[in-house]
Amino acid sequence: MVFGVLAAVVVFQLVYPKRPEFFLYRLSKSFGVNERAPDFPFKNESFFVRSALERGRIDAHFPWRYVHFDVCLDKEGVWMSFVGPDPGQCAPSLLVPWNRIKFVKHWSNHSYFTFLANEPVGITVRRQLGEAISRHIAPWDK
């Protein structure tokens, strides 16, 4: 019985990966760039990454889903330079255009967005960064 449950958990996690490096790979595939923003006013920002479909779901198996980026906002979009903890298959820099960011909501000290990669990725950031990002998004995208 125990082995059956363990096997089911392993199969589920292989079929439906939720580790941060999976979402970083997904973002890198859609938004990875070779350039780098000249300045990053938001240093070492914590990003909580998840599937846009699993919003609000608690995951006890993978408690480490925060990754850190230096962030710059400009007319092109959100520049993110990976800081850590482990890049896996993440591009060193990401540029997410404004038209590929969907605001979800501000709640407590956090802001929720969906980055519209080929497969959407849910992002949670500190409210201060979230408010700065939401000021750049067109009102009809909010």
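The values are calculated or read from the model by the stated rules, or taken from the named source; none is laboratory data. Source: prediction; values computed, not measured. In this analysis, Cβ positions are derived from the backbone assuming ideal geometry, glycine residues included, and neighbour counts consider all displayed protein chains.
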Exercise. Counting only residues that are hydrophobic (A, V, I, L, M, F, W, C) and modelled with pLDDT of 90 or more, which one in the stretch 105-118 is farthest from Arg36 (Cα to Cα)?
Worked result: Phe113
Problem set entry | Criterion: over 16 Å from Asn44 (Cβ atoms) and either modelled with pLDDT of 90 or more or among the small types (Gly, Ala, Ser) (or both) - qualifying residue of Val96, Val121 | Val96
For this session: Output yes when any residue across the stretch 9-21 is part of a loop (DSSP other than H, G, I, E, B), more than 15 Å from the chain's Cα centre (by Cα), farther than 18 Å from Trp98 by Cα and modelled with pLDDT under 60, and no when none is.
Result: yes
